[in-house]
Amino acid sequence: MHCLRDEDALIPSPRGSLPKVCGALVAAIATGGLLLLSPGRLIHLVALATLIVTLGPLLHGLYLLLEELLHHSNTRYRGRSLLGHVLPACGLGPKTLLAAAMAALLLYLTRHSLMHKGQSWELVVLVPVLYALFKCLGVLGPSEVEVSDICEERKMNVAHGLAWSFYLGYLQLVLPSLEKSIDSFRGSHRDSFWGRGSQKLLILIPLNANISHKLEDEDGNIQFYDSLPNSELDRAGVRGRVYKHSVYRVKDKRGKAHDCAVEYATPLLTLYRMSQERSAGFGASERRQQVLLFYRTLRDVLDQSLECRNRYRLILIKDEHEDDPNFLSNTILRHLEQQNKEEFCLNGAPQQETNKPVEVEDWRNSEPMSREPTLMISLDRPQPLRGPVEDTDSFRAT
């Protein structure tokens, strides 16, 4: 549990709706203040402010629409309809248009209460023009938080694509047959040290994304032992593409060996190489953020996968361990020990055999069960409720 709490403290959670709540609260307070100060002009002021605010994005959307129609209509939209695709892509969606139309209608209906008409209409013209100018120059561009929120909400990050590719192109193919491969390996290697909780594939995800191709180069307590039986699948025109897992022998402080199938998440190589290329525009801070998003996305995807359930374990490795040469082996052993405890809790302790069997008549005086009762779920269709039917024929027969 301590390890899980550490991971939860590192992994960024999805952003919430606090900005929306703050915006609604401040708008309500401002509206209430105007209602007390100028109750007769409230509707007009709200309509005027709404029109000014919405005309700016509409004008900027028209600039974007002109660019798209002149230079990108064929390459980006390929003949798709103007109303259904191009206008919403430029920010001229139905919500913005409806808000501007409603504001203009209210402003027209309350024009009699307008004071200083010239100044008000000057603001209606000047504010949208300046807004569109500042928007085009990037002065009013979206902040990094807004861009990050949009990318996470729409699954547009590099980490999302890598996580789904890792799942669909690898884990979903190999994890369903992992248990059979481990059983076959244990049958052919009598000297192996497989624990009850090591029947899963350990997937290492370091935060710095800097991984080596051989685990023994990072930790002296880890040695390559052998490989699990190969899995061959026909994929993308390749006949008999080979998928394999390496088995490593990890020694604890007492020198006891523990065998397990462990490997790094290979998409991290892509993230690390991207951070080394200038053209990728990918720094160390962005790489770390993408690694955390990769872990969160992969965890969420695997949690929903029935084929991969209970066949893997994701291990997030911090990068503050330069002083510990055996950090990697200790981390693996800690997760193996946690798996053994989980298997023990799920399966329960082995039932104790007794010399005297419990008779049916002595069920009230029988000993307590050696393990917790399990919940049995029936897959049969539910039957209608009905009262017991006496079988008189059986009594006559006896």
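Below are the figures for this structure:
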read-out: Of all residues in the range 116-146 being assigned to a helix (DSSP H, G or I) and of a type in the set (Ser, Thr, Tyr), the one that is modelled with the highest pLDDT; value: Tyr131
read-out: Which numbered condition Ile205 misses (of (1) within 18 Å of Leu268 (Cβ to Cβ); (2) outside any strand (DSSP E or B)); value: (2)
read-out: Top-ranked residue of the range 302-326 - restricted to ones that are open to solvent by less than 60 Å² (accessible area, probe 1.4 Å) and under 26 Å from Glu144 (Cα atoms), ranked as farthest from the chain's Cα centre (by Cα); value: Asp319
read-out: Selection count where residues are of a type in the set (D, E, K, R) and open to solvent by 80 Å² or more (accessible area, probe 1.4 Å), scope the range 215-273; value: 12
read-out: Qualifying residues in the range 17-71 (those that are over 18 Å from Ala132 (Cβ atoms) and in contact (Cβ under 8 Å) with a residue 40 or more places away in the chain) - the one most open to solvent (accessible area, probe 1.4 Å); value: Ile43
read-out: Selection from the range 61-99 of residues that are of a type in the set (D, E, K, R) and assigned to a helix (DSSP H, G or I); value: Glu67, Glu68, Arg76, Lys95
read-out: Residue count for the range 182-202, restricted to those that are in a helix (DSSP H, G or I) and surrounded by fewer than 20 Cβ atoms within 10 Å (Cβ to Cβ); value: 5
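The values are calculated or read from the model by the stated rules, or taken from the named source; none is laboratory data. As the structure is a computational prediction, the values presented were derived from the model and not from experiment. Cβ coordinates were reconstructed from backbone atoms using ideal geometry, including for glycine residues, and neighbour counts include every protein chain displayed. Only protein heavy atoms, including side chains, enter the accessible area calculation; ligands, DNA and RNA are left aside. Shrake-Rupley method; radii C 1.70, N 1.55, O 1.52, S 1.80 Å.
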